[in-house]
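Just so it is clear, none of the values below were taken in a lab; they were calculated from the coordinates. Nothing here was measured: the structure is a model prediction, and the numbers come from that model. Glycine gets a Cβ as well: all are built from the backbone with ideal geometry, and neighbour counts include every protein chain shown.
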Amino acid sequence: MIMLEQEIGKNKDRLNQLLTMRLDGEIDSDTFKARQVQMQDSILHLESARNAHTLANLDYIDKAEKILDLAKVAYSLFLTRNPQERRKLIDLVLYNCSLDEGKLHYEYHQPFDLFYKMTTCTEWWAVLDSNQRPPQCQCGESGKMATLGNSL
């Protein structure tokens, strides 16, 4: 997003320089008009890309809030719903479900894999820094965590 803002600024500066060149007589009217159209098209394209990123960020925040709300009530929803709704909830949270010798094996969809990792982490930072933030987990690898072999 910052790079888009910088590019928009550069193109606006170039457009101003182009106008200065026209006013100083360094370029003729036809050259000015052709370059002006190119610069304005470039600016419009970059601004459109910036707006798309802004909308995507807002959508991401809305989805994150909905997922957190679902995670808070998932267990009680599971207990109170009919089998079809329970299946939808399971499909939303888990994948690669299989039954092997009486054990259920599964993996979590993102971001539920992170929620699981947070609940199973036992190694926490013992020292608070000057910002007095909550401790952070140090366990496991970063990124996706395979949970195959866990049972319900």
Take the residue pairs LYS63/LYS103; LYS72/LYS103; LYS63/LYS117 and return only those whose Cα atoms are more than 31 Å apart.
LYS63/LYS103
If you plug each phi of segment 77-83 into the Karplus form 6.51 cos²θ - 1.76 cosθ + 1.60 with θ = phi - 60°, what whole-Hz ³J(HN,Hα) values come out, in order, with x for Gly and Pro?
4, 4, 5, 9, 9, 6, x
Cα centroid distance between segment 59-89 and segment 1-43, in Å?
51
A correct fewest-to-most ranking of ILE2, ILE27 by other Cβ atoms within 10 Å would be ILE2, ILE27
Distance in nm between label sites at LEU68 and ASN82, each 7 Å beyond Cα in the beta-carbon direction?
3.3
